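S.K.: Below is the structure I would like to discuss, written out as structure tokens.
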Amino acid sequence: MKTMLNVALPKGRLGEKVYAMFERAGFECPSIKETGRKLIFENPEAGVRYFWVKPSDVAIYVEHGAADIGVAGKDILLEYEPDVYELYDLDIGKCRMAVAAKKGFRYSADKTLRVATKFSNITRNYYASQGRDIDIIHLNGSIEIAPILGLSDVIVDIVETGTTLKENDLEVFETIVPISARLIANKSSFKFKGDAIERIMAGLETEKADK
Ligand code: PRP
């Protein structure tokens with residue numbers, strides 16, 4: 001019998017792209033295209049079981065072994081530092097983590113910087129590396145509003161097209177790190193289902209080379 005690989009996919013547009021890559025790599029699961037509210041799909045012939053999870057939860061499933069592998073944004077990996085193997089850069093879902101502020105913003109030497117973000121860990125590490133004192137205001141979304149209302153001086157957030165910043169009169173002040181989607185694996189799955197995981201990686205690699 002074929003080894004069954006449990007794969008956590010990030011729900012949404014990125015996840016659909018990721019599934020298409022896995023399908024082309026030979027790990028197809030036609031039932032996944034059915035519409036409805038079902039979250040788990042499997043194809044025993046291809047040795048694969050997919051489940052859709054919230055993008056920020058993929059690494060949790062993989063770390064705990066509920067999924068053998070998954071695809072998560074580098075932002076999530078940097079923020080939560082899950083104990084997983086980061087195997088492969090899929091080169092999709094590209095964006096960057098950046099500091100943004102109102103036009104003309106400058107750091108002040110004598111005031112503690114107030115930073116609004118969803119990514120507190122990334123923010124803390126970034127400013128610690130710069131030796132700058134900050135106060136973090138942790139928000140859960142619509143971060144761009146914070147500097148407009150005077151809740152913070154800057155934000156740390158994901159910038160993809162830059163449209164959200166532009167439409168809220170903000171601009172990138174500094175880029176922290178480029179982000180893209182990564183294939184991750186549970187550490188013990190990598191040991192015990194290594195062959196199947198290697199086959200997926202090889203398939204993804206071939207398809208990248210075709211581009
Ligand atoms: C993300 C991010 C920015 C936006 C950037 O928000 O937080 O707000 O996308 O994309 P852009 O540069 O192409 O405009 P998301 O849609 O994930 O919602 P959020 O408000 O929950 O962060």
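S.K.: Which condition from (1) near the ligand (Cβ under 9 Å from one of its atoms); (2) open to solvent by 50 Å² or more (accessible area, probe 1.4 Å); (3) in a helix (DSSP H, G or I) is the one that Asn140 breaks?
M.R.: (3)
S.K.: Within the stretch 149-163, how many residues are out of contact with any Leu (no Cβ under 8 Å at 6 or more places or on another chain) and either among the hydrophobic types (A, V, I, L, M, F, W, C) or surrounded by fewer than 22 Cβ atoms within 10 Å (Cβ to Cβ) (or both)?
M.R.: Quick first cut of the stretch 149-163, residues out of contact with any Leu (no Cβ under 8 Å at 6 or more places or on another chain) only: 149-152, 156-158, 160-163.
Subsequent filtering for residues that are either among the hydrophobic types (A, V, I, L, M, F, W, C) or surrounded by fewer than 22 Cβ atoms within 10 Å (Cβ to Cβ) (or both) retains 149-151, 156, 158, 160-163.
Qualifying residue count, the stretch 149-163: 9.
S.K.: If you check every pair at least six apart or on different chains, which have Cβ atoms under 6 Å apart with a residue in the stretch 122-146 that is within 19 Å of Leu78 (Cα to Cα) first and a residue that is assigned to a loop (DSSP other than H, G, I, E, B) and within 13 Å of the ligand (Cβ to nearest atom) second?
M.R.: Between residues of the stretch 122-146 that are within 19 Å of Leu78 (Cα to Cα) and residues that are assigned to a loop (DSSP other than H, G, I, E, B) and within 13 Å of the ligand (Cβ to nearest atom), there is no close pair.
S.K.: Still on this structure, I have one more. Name the residues in the stretch 44-73 that are more than 16 Å from Phe192 (Cα to Cα), assigned to a loop (DSSP other than H, G, I, E, B), hydrophobic (A, V, I, L, M, F, W, C) and at pLDDT 95 or above, would you?
M.R.: None - no residue of the stretch 44-73 is more than 16 Å from Phe192 (Cα to Cα), assigned to a loop (DSSP other than H, G, I, E, B), hydrophobic (A, V, I, L, M, F, W, C) and at pLDDT 95 or above, so the list stays empty.
S.K.: Give me a count of the residues in the stretch 54-91 that are open to solvent by 10 Å² or more (accessible area, probe 1.4 Å) and β-branched (Val, Ile, Thr).
M.R.: Count: 3.
S.K.: How many residues does the stretch 174-201 contain that are within 16 Å of the ligand (Cβ to nearest atom) and buried (at least 18 other Cβ atoms within 10 Å of the Cβ)? Can you show your working first?
M.R.: If we filter the stretch 174-201 for residues that are within 16 Å of the ligand (Cβ to nearest atom), which is where we start, we get 174-181.
Cutting the leftovers down to buried (at least 18 other Cβ atoms within 10 Å of the Cβ) gives us 176, 179, 181.
Qualifying residue count, the stretch 174-201: 3.
S.K.: Return a yes/no flag: does the stretch 165-173 have any residue that is surrounded by fewer than 12 Cβ atoms within 10 Å (Cβ to Cβ), away from the ligand (no atom under 16 Å from the Cβ), in a loop (DSSP other than H, G, I, E, B) and not hydroxyl-bearing (Ser, Thr, Tyr).
M.R.: No, that holds for no residue.
S.K.: Any chance you could count how many residues in the stretch 1-27 are under 22 Å from Arg199 (Cβ atoms), open to solvent by less than 70 Å² (accessible area, probe 1.4 Å) and without any contact (Cβ under 8 Å) to a residue 60 or more places away in the chain?
M.R.: Qualifying residue count, the stretch 1-27: 5.
The values are calculated or read from the model by the stated rules, or taken from the named source; none is laboratory data. Model, not experiment: these values are computed from the prediction. FYI the Cβ positions are ideal-geometry reconstructions off the backbone, even for glycines, and counts take in every protein chain you see. Each accessible area value is taken on the protein alone, full model and side chains, heavy atoms only, with ligands, DNA and RNA left out. Shrake-Rupley method; radii C 1.70, N 1.55, O 1.52, S 1.80 Å.
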